[in-house]
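The values are calculated or read from the model by the stated rules, or taken from the named source; none is laboratory data. Treat the numbers as computed from the prediction; the structure is a model and nothing was measured. Cβ sites come from the backbone with ideal geometry, for glycine too, and all protein chains shown count toward neighbours. With ligands, DNA and RNA removed, areas are computed over all heavy atoms of the protein, side chains included. Shrake-Rupley method; radii C 1.70, N 1.55, O 1.52, S 1.80 Å.
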Amino acid sequence: MPGPLTGLRILEIAGIGPGPFAGMMLADHGAEVIRIERPNTQPGVTAITTDILQRSRRAVAIDLKKPEGAAVLRDLARTADGLIEGFRPGVMERLGLGPDVLLADNPKLVFGRMTGWGQTGPLARTAGHDIDYIAIAGALHAYGRAGEKPTPPINMVGDFGGGGMFLAFGMVSAILHAQRTGQGQVVDCAMVDGAAVLMSMIWSFRAAGFWRDERGVNLLDTGAHFYDTYETADGKYLAVGAIEPQFYVELRHLAGLAEDPDLDNQMDPGAWPSLKHKLAATFVTRTRDEWTAIFDGTDACVAPVLSMSEAPQHPHNAARGTFVEQGGITQPAPAPRFSATKADAPRMATGDNGADTGQILAALGYDEARITALKQAGVVA
């Protein structure tokens, strides 16, 4: 069944990380996403690629450094609702493919720009990675345990939460505007901005006076005994998140700590360190799965910490189809879910460079002789 974005065409200039993630999000929900790849002089590989971020796309290989290649992209952009790219500021302009050019060709085009630092500012043209962007956003400082150095949460916050997800949201928002008004625009999506926005609730807590600008001493950063992970007898872990009083009561009851008066002081930060020791001493007496059986189906807000290998097998994930297998690769299913426009199952990309080039160019009105000439000149592959 077509997804809710069916009918939209997005051009994705091939890159890594957040740009492809945004393209995946759009493609997962029905948009036609055409990935613009660099021509590869090596023979095509027909095996299924393992890059989940490239799923559900078609691909065309174009050498954008050649004027003829730039002209092909301009033809494609005239037919598109949006384009996303992740180069440093100024690269698309040097290729003759900046937003001024492409929006002149197609005034309704939405031109999405995915960078770490943004299109403006003193760092705009410098290199960086997720860890750098979340560092100056004030986010990385908050991740970690008391008395220890900041710990990056892989690259979830900058690249994906604050980057690719914001770009996908920005593209859909700007396309809705273009459909209403006929006016395209540039979406300047910076990971540093997105990472800062993801901290909005914590900024609210700080303004209210109950968040200290210090790691591991607050309600949600492992400072509280009722919001942390605990090792079990088999060296595995439980996640405990019993914040609300009624859930905390359930936690104490099922953990056998209902009668311990020390745990009555749930919201006393001064008591948290000693209470963490009590919970740690309790949870280490049984295995993770034994504790899971005790807490299963209750409101104690306790869950097993599962590895990537274990997560697809969890009964809840299995029942919902949270993970699927395509091309022999286990991967997350598209999300969120829509009641009326359920997305098709994802399709893994093949390793063929520009696998759909001929078909896509033919749809633009290029005849076979012209396509052959472009291939022979190394403009497309």
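Values computed for the structure shown
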item: Set ILE154, ILE134, ILE84: member being open to solvent by less than 40 Å² (accessible area, probe 1.4 Å), closer than 30 Å to VAL217 by Cα, out of contact with any Ser or Thr (no Cβ under 9 Å at 6 or more places or on another chain) and among the hydrophobic types (A, V, I, L, M, F, W, C); result: ILE134
item: Failed condition for ASP228, given (1) in a strand (DSSP E or B); (2) open to solvent by 40 Å² or more (accessible area, probe 1.4 Å); (3) over 30 Å from GLY112 (Cα atoms); result: (2)
item: Scope region 329-338; condition touching a strand residue (DSSP E or B) at 6+ places or on another chain (Cβ under 7 Å) and outside any strand (DSSP E or B); matching residues; result: ALA333
item: Hits in region 66-81 (condition: in a helix (DSSP H, G or I) and either without any contact (Cβ under 8 Å) to a residue 24 or more places away in the chain or open to solvent by less than 40 Å² (accessible area, probe 1.4 Å) (or both)); result: GLY69, ALA70, ALA71, VAL72, LEU73, LEU76, ALA77
item: Checklist (1) assigned to a helix (DSSP H, G or I); (2) closer than 23 Å to ALA168 by Cα applied to PRO346, failing item; result: (1)
item: Which listed residue, of ALA333, ALA239, ALA255, ALA271, is in contact with a Gly (Cβ under 6 Å, 6 or more places away or on another chain) and open to solvent by less than 40 Å² (accessible area, probe 1.4 Å); result: ALA333
item: Candidate set: region 305-350, residues that are in contact (Cβ under 8 Å) with a residue 24 or more places away in the chain and among the hydroxyl-bearing types (Ser, Thr, Tyr); chosen: the one nearest to ALA61 (Cα to Cα); result: THR350
item: Of all residues in region 364-381 being in a loop (DSSP other than H, G, I, E, B) and open to solvent by less than 40 Å² (accessible area, probe 1.4 Å), the one that is nearest to ALA61 (Cα to Cα); result: ALA381
item: Residues that are surrounded by 15 or more Cβ atoms within 10 Å (Cβ to Cβ), at negative phi and not in a strand (DSSP E or B), drawn from region 315-328; result: ASN317
item: Tally, over region 1-55, of residues that are buried (at least 16 other Cβ atoms within 10 Å of the Cβ), polar (S, T, N, Q) and either at pLDDT 95 or above or under 15 Å from the mean Cα position of the chain (by Cα) (or both); result: 1
item: Top-ranked residue in region 87-114 [being among the charged types (D, E, K, R) and within 22 Å of LEU176 (Cβ to Cβ); ranked as most open to solvent (accessible area, probe 1.4 Å)]; result: LYS108
item: Failed item in (1) within 30 Å of LEU76 (Cα to Cα); (2) in contact with a strand residue (DSSP E or B) (Cβ under 7 Å, 6 or more places away or on another chain); (3) not hydroxyl-bearing (Ser, Thr, Tyr), with ALA373 passing the rest; result: (2)
item: Residue tally, condition exposed (fewer than 13 other Cβ atoms within 10 Å of the Cβ) and aliphatic (A, V, I, L, M), over region 346-363; result: 1
item: Entirely in region 100-213, the helices (runs of 4 or more DSSP H) that have 3 or more residues that are more than 19 Å from the chain's Cα centre (by Cα) and not small (Gly, Ala, Ser); result: 165-181, 200-208
item: Region 239-262, residues that are under 15 Å from CYS301 (Cβ atoms), part of a helix (DSSP H, G or I) and not hydroxyl-bearing (Ser, Thr, Tyr); result: PRO245, GLN246, PHE247, VAL249, GLU250, LEU251, ARG252, HIS253, LEU254
